[in-house]
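Take a look at the structure below.
The values are calculated or read from the model by the stated rules, or taken from the named source; none is laboratory data. Because the structure is a prediction, the values reported are computed rather than measured. Here Cβ is always computed from backbone atoms with ideal geometry, including for glycine, and neighbour counts include all displayed protein chains.
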Amino acid sequence: MTPARIALLLAVLLPPALLAQPGTGPDWTKLEAETMQHYQAVLRIDTRNPPGNETVLVEYLKQVLDKEGIPAQLVGSDPKRSNLVARLKGNGSKRPLLIMGHSDTVTTDDAKWKFPPLSATRDGGYIYGRGTVDDKDNLTAALMTMLLLKRLNVPLARDVIFVSEAGEEGSSGIGIGYLVRDQFPLIDAEYCIAEGGGIVRIGGAVKYATVQTLEKIPRGIELVSRGISGHGSVPLKSNAIVHLAAAVARVGEWRPEVRFNETTGSYFRKLATVSPPEVAKIYRDVLSSDPKVQRAADDWLLENEPRHSSMLRTSVSPNIFNGGYRSNVIPSEAKATLDVRALPDEDPAKFLEQVKRVVNDPAVDVRFTGQNERPATAPPRLDSDVYKALEAAGTHVYNTITLPTMSTGATDMAQLRAKGVQCYGIGSATDFEDPPKGFGAHSDQERILESELHRFVRYNWEVVTAVAGAR
Ligand SMILES: [Zn+2]
């Protein structure tokens, strides 16, 4: 029998979603109902954190995976807050790919919701619910990819590991912290894909895709000012509050030097190509080697796009100021805490010296707090198999360009990157206009376009099969 006749016969015998003909892949239209069923099911399970109760959700996932014959296990340090790890075996010629989503969500103020936050209501082309874009979209897309890989019996060059992670929203010790510390052999991989990027739609049209390849590192600094205590009726030159206030003001005005890495340089260059002319000029100017041109663009960003300003440098924001306890007592000590978000290649000791020079006051002690620190990690590769696959899927599925980005905040990928796993943050397409209207991640309400949920499943599938498929 010719291959064409076999294909024809199979097409008659098997439902389309089960077809494994090279080049045809899954039947996406047929798959939509199943995607929606799992998506609504996980949205309706209450995993608002605190308290999380993620075990209920991963028990659902496990039962779905069990039915398909995909080995999965629940692991965790708290029985109510389990993680799930499932694995499809490859031929071992390449190291594993980890695909990850978190099962918990932030809490809700139910009175603010038009549709109850756990209802997963479909209305006007949207699905409403807590977790719709953070992060039950990633979770569902990864689940669907696992189901398809198994059903279509896709030959794999590497194992594909699926992790449903608990506690991402502020209790990562029971999630990624636990997995990396106590179960690392279960999740050890060459590459990881998790939340952190996204597809940006403006005016209803896709403008660009972002992939998070890098993140800044939180390094808190404390300023402690010491003086002589005394009666408030007799002002002293050594007043600790006066010294601290002046030090905080100097640090607050200071703008550490602008420095680009491969990710941020590429980000601003590419962003300029998809931005209106006036803003595109700013993005090009900030990369200029002329300090005056760069400074003007830097000023504009600080005023108008502070997140972009933070991407240019190690940033410092004084966020706590403590001193004094009675109006008639001059205190002997006052303390301020600076939220420092360091560029990944920043030398902490040298940076601390710079802060001391800016403070320039021997009465004020400058030191790291040592709290909430995350490990510094190796620079990412923008020429890796995964990055190339993400670019290709961005073109093929969304017909758009891909920008690598550095997030100013920290993510759970930091722990994996510190273990040598190359991580890339992705996300479904959302309208740029939605968060200001109160429909974004962590907003009063949260929603996703149904069409974008389904498109995101396809994007996942294309990336995973390109990276893990055996050719
Ligand atoms: Zn999230």
Complete set of residues in segment 68-79 that are more than 24 Å from the chain's Cα centre (by Cα) and of a type in the set (S, T, N, Q): Gln73
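Here is a yes/no grid of residues against (1) aromatic (Phe, Trp, Tyr); (2) at pLDDT below 95; (3) in a strand (DSSP E or B); (4) more than 16 Å from the ligand (Cβ to nearest atom):
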| position | (1), (2), (3), (4) |
| --- | --- |
| Arg417 | no, yes, no, yes |
| Gly420 | no, yes, no, yes |
| Thr430 | no, no, yes, no |
| Pro436 | no, yes, no, yes |
| Arg458 | no, no, no, yes |
Looking at Lys270, Lys237, Lys281, which is the one that is basic (Lys, Arg) and surrounded by 16 or more Cβ atoms within 10 Å (Cβ to Cβ)? Lys270
Here the residues within segment 438-456 that are within 16 Å of the ligand (Cβ to nearest atom) and basic (Lys, Arg) are Arg447
For segment 101-142, how many residues meet the condition of being free of Cβ contacts under 8 Å to residues at least 12 places away in the same chain, among the aliphatic types (A, V, I, L, M) and in a strand (DSSP E or B)? 0
Any residue in segment 142-165 that is under 19 Å from Ala429 (Cα atoms) and touching a Leu at 6+ places or on another chain (Cβ under 9 Å)? yes
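Determine whether Pro79 is surrounded by fewer than 20 Cβ atoms within 10 Å (Cβ to Cβ) and either in a loop (DSSP other than H, G, I, E, B) or polar (S, T, N, Q) (or both).
Values: surrounded by fewer than 20 Cβ atoms within 10 Å (Cβ to Cβ): yes; either in a loop (DSSP other than H, G, I, E, B) or polar (S, T, N, Q) (or both): yes.
Against the criterion (surrounded by fewer than 20 Cβ atoms within 10 Å (Cβ to Cβ) and either in a loop (DSSP other than H, G, I, E, B) or polar (S, T, N, Q) (or both)), Pro79 qualifies.
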Name the single residue, out of those in segment 143-190 being part of a strand (DSSP E or B) and surrounded by 24 or more Cβ atoms within 10 Å (Cβ to Cβ), that is nearest to the ligand (Cβ to nearest atom). Glu165
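Please work out if Ser229 is more than 26 Å from Pro436 (Cβ to Cβ), within 16 Å of the ligand (Cβ to nearest atom) and among the polar types (S, T, N, Q).
no
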Note down all Cβ pairs under 6 Å where the first residue falls in segment 156-178 and is among the acidic types (Asp, Glu), the second is assigned to a strand (DSSP E or B) and within 14 Å of the ligand (Cβ to nearest atom), and they're at least six residues apart or on different chains. Glu165/Met100; Glu165/His102; Glu168/His102
Residue count for segment 82-130, restricted to those that are touching an Asp or Glu at 6+ places or on another chain (Cβ under 7 Å) and within 16 Å of the ligand (Cβ to nearest atom): 11
Out of curiosity, is Ile228 surrounded by fewer than 17 Cβ atoms within 10 Å (Cβ to Cβ) and either among the hydrophobic types (A, V, I, L, M, F, W, C) or in a strand (DSSP E or B) (or both)? yes
When (1) crowded, with 18+ Cβ neighbours inside 10 Å; (2) away from the ligand (no atom under 16 Å from the Cβ); (3) among the hydrophobic types (A, V, I, L, M, F, W, C); (4) within 18 Å of the chain's Cα centre (by Cα) are applied to Ala393, the one that fails is (4)
Name the residues in segment 442-456 that are assigned to a loop (DSSP other than H, G, I, E, B), crowded, with 20+ Cβ neighbours inside 10 Å and not polar (S, T, N, Q), would you? Glu446
If you go through segment 362-369 one residue at a time, do you hit one that is in contact with a strand residue (DSSP E or B) (Cβ under 8 Å, 6 or more places away or on another chain), modelled with pLDDT under 95 and surrounded by fewer than 19 Cβ atoms within 10 Å (Cβ to Cβ)? yes
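Conditions (1) more than 18 Å from Gly167 (Cβ to Cβ); (2) at pLDDT 95 or above; (3) within 22 Å of the chain's Cα centre (by Cα), marked per residue:
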| residue | (1), (2), (3) |
| --- | --- |
| Val56 | no, yes, no |
| Asp66 | yes, yes, no |
| Arg81 | no, yes, yes |
| Gly90 | yes, yes, no |
| Arg95 | yes, yes, no |
| Gly101 | no, yes, yes |
| Trp113 | yes, yes, no |
| Ala120 | yes, yes, no |
| Tyr126 | yes, yes, no |
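Of these, Ala418, Ala389, Ala378, which one is under 26 Å from Met144 (Cα atoms) and in contact (Cβ under 8 Å) with a residue 24 or more places away in the chain?
Selected residue: Ala389, the only one of Ala418, Ala389, Ala378 that is under 26 Å from Met144 (Cα atoms) and in contact (Cβ under 8 Å) with a residue 24 or more places away in the chain.
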Scan segment 191-220 for residues that are within 16 Å of the ligand (Cβ to nearest atom) and either within 24 Å of Arg313 (Cβ to Cβ) or assigned to a helix (DSSP H, G or I) (or both) and jot them down. Gly196, Gly197, Gly198, Thr210, Val211, Gln212, Glu215
Breaking point among (1) within 16 Å of the ligand (Cβ to nearest atom); (2) surrounded by fewer than 20 Cβ atoms within 10 Å (Cβ to Cβ), for Asn138: (2)
Which is part of a helix (DSSP H, G or I) and at pLDDT 95 or above, of Ser327, Ser309? Ser309
Please specify each residue of segment 95-120 satisfying the condition of being surrounded by 14 or more Cβ atoms within 10 Å (Cβ to Cβ) and among the charged types (D, E, K, R). Arg95, Asp104
